[in-house]
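Down below is the structure, laid out as structure tokens.
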Amino acid sequence: MSGLFSPFKIKNVELKNRIVMPPMCMVQAVDGFVEDWHRIHYATRAIGGVGLIVVEATAVSPEGRILDGDLGIWSDEHVPGLKEVADLIHKYGAKAAIQLGHAGRKAKLSVEHCMAPSPVRFDEDFQVPHAMTLEDIGRVVEDFRQGARRAREAGFDIIEIHGAHGYLINQFMTPLCNKREDAYGGSMENRGRFLWEVTRAVRQEWPEENPLMLRVSSKEYHAEGNTESDVAGIINHCKQEGIDMIHVSTGGVLPSAVLSYPGYQIETGKLMKEGTGLPVIVGGLVTEPGMADEIIWNGRGDLVFLGRELLRNPYWPLQAARKLKVDIPWPAPYVRSK
């Protein structure tokens with residue numbers, strides 16, 4: 001029996017296994033619209049046996065894109081294309097999530113201005129952002145609410161709020177770039193206020209029975225940054241607004257390199273699980289089926305994400321099942337190679 005290929009249920013969504021494809025920007029959209037690349041890319045991973053596919057960072061406003069080629073959900077016109085992607089994921093046996101995000105100071109766009117909690121740029125290759133006014137904050141919160149509505153209309157099973165990797169929500173959370181002296185800066189509670197407001201706004205449009213995930217960077221790799229305890233504290237302050245699961249990553253707040261190795265984020269994910277009491281998705285250079293299976297068996301995570309490995313090999317789940325000697329259904333046209 002395999003932990004990796006056991007089902008997992010959260011609220012009204014049951015996953016056939018514990019394998020997650022995390023959001024990874026493809027930079028193939030034009031004006032935020034789905035292209036053939038997205039249809040093929042996501043459908044292929046569903047055919048390959050992934051249990052949960054999280055569609056890449058999808059911007060809630062044009063200026064919220066990381067790059068010009070990012071997907072968008074700021075217009076009702078984006079919904080039909082996103083629905084095609086969700087429908088294809090479902091057709092081939094996976095569940096579909098979508099990550100809603102805003103780049104904040106890490107936007108590298110052909111636009112004149114970008115925004116952040118404070119006028120502190122990411123590095124010399126990025127613009128100096130303007131400090132968000134209360135009006136700016138309210139507008140972005142509303143953008144997330146409308147994005148959630150559109151995600152519901154497009155038929156996604158799960159929404160993931162992007163609070164990781166140094167993008168806008170993470171910028172509010174961390175003292176490394178949030179220098180505000182108002183209700184959105186200073187104390188841990190204040191630094192979590194923007195996330196709290198976004199979560200509450202998303203839940204106004206996202207049914208209570210549907211899972212809501214939050215992606216976080218649980219480690220910032222800087223002595224003056226958030227600790228895992230700080231991040232867990234912010235989540236605990238916000239989770240009553242309807243956060244159901246944490247998707248754990250690290251870094252991205254500062255441009256410094258991170259020492260990575262197979263499984264390098266698993267322990268911090270376990271700490272987030274213990275600190276919040278919520279189920280967690282963990283990963284970080286996990287490539288071997290045995291390692292992924294062990295993580296589930298030993299309770300170090302509830303689900304395991306594979307990023308670059310699924311870019312290299314969209315059929316990793318089918319091959320992992322064979323390696324672990326687990327008999328799972330294969331797509332009928334591929335059974336001859338089982």
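The values are calculated or read from the model by the stated rules, or taken from the named source; none is laboratory data. All of these numbers come straight from a predicted model, not from anything done at the bench. Counting neighbours? That spans all protein chains shown, and the Cβs are built from the backbone with ideal geometry, glycine included.
Structure notes:
- Residue selected from region 194-247 under the condition modelled with pLDDT under 95 and among the polar types (S, T, N, Q), by the criterion surrounded by the fewest Cβ atoms within 10 Å (Cβ to Cβ): Gln240
- Among the residues listed as Thr133, Thr174, the single one being more than 18 Å from Glu241 (Cβ to Cβ), among the polar types (S, T, N, Q) and surrounded by fewer than 17 Cβ atoms within 10 Å (Cβ to Cβ): Thr133
- Complete set of residues in region 19-66 that are over 30 Å from Ile137 (Cβ atoms), touching a residue at least 40 places away in the same chain (Cβ under 8 Å) and either among the hydrophobic types (A, V, I, L, M, F, W, C) or in a strand (DSSP E or B) (or both): Ile19, Val20, Met21, Ala43, Ala46, Ile47, Val50, Leu52, Ile53
- Taken as a whole, the condition of being part of a helix (DSSP H, G or I) and either in contact with a Phe, Trp or Tyr (Cβ under 8 Å, 6 or more places away or on another chain) or more than 18 Å from Leu15 (Cβ to Cβ) (or both) does not apply to His90.
- Sole exception among (1) surrounded by fewer than 20 Cβ atoms within 10 Å (Cβ to Cβ); (2) more than 28 Å from Arg191 (Cα to Cα) for Lys108, by number: (2)
- All positions within region 140-181 that are over 18 Å from Met272 (Cβ atoms), among the small types (Gly, Ala, Ser) and in a loop (DSSP other than H, G, I, E, B): Gly155
- For region 244-259, a tally of residues being closer than 20 Å to Arg193 by Cα and touching a residue at least 60 places away in the same chain (Cβ under 8 Å) returns 4.
- Residues of region 253-278 that turn out to be at positive phi and crowded, with 19+ Cβ neighbours inside 10 Å, as a count: 1
- Gly32 being under 30 Å from Gly277 (Cα atoms), among the small types (Gly, Ala, Ser), modelled with pLDDT of 95 or more and crowded, with 22+ Cβ neighbours inside 10 Å: no
- So Ser6, is it surrounded by fewer than 24 Cβ atoms within 10 Å (Cβ to Cβ), of a type outside the set (D, E, K, R), in contact with a helix residue (DSSP H, G or I) (Cβ under 6 Å, 6 or more places away or on another chain) and within 30 Å of Trp297 (Cα to Cα): no
- Tally of residues being part of a loop (DSSP other than H, G, I, E, B) and either polar (S, T, N, Q) or surrounded by 19 or more Cβ atoms within 10 Å (Cβ to Cβ) (or both) across region 279-325: 9
- Any hit, region 249-271, residues being outside any helix (DSSP H, G or I), of a type in the set (Val, Ile, Thr), more than 17 Å from the chain's Cα centre (by Cα) and more than 30 Å from Leu134 (Cα to Cα): yes
- Flag if Ile137 is closer than 30 Å to Leu318 by Cβ, of a type in the set (Val, Ile, Thr), out of contact with any Lys or Arg (no Cβ under 6 Å at 6 or more places or on another chain) and assigned to a helix (DSSP H, G or I): no
- Residues of region 32-59 satisfying the condition of being closer than 20 Å to Pro317 by Cβ and hydrophobic (A, V, I, L, M, F, W, C): Ile40, Ala43, Ala46, Ile47, Val50, Leu52, Ile53, Val54, Val55
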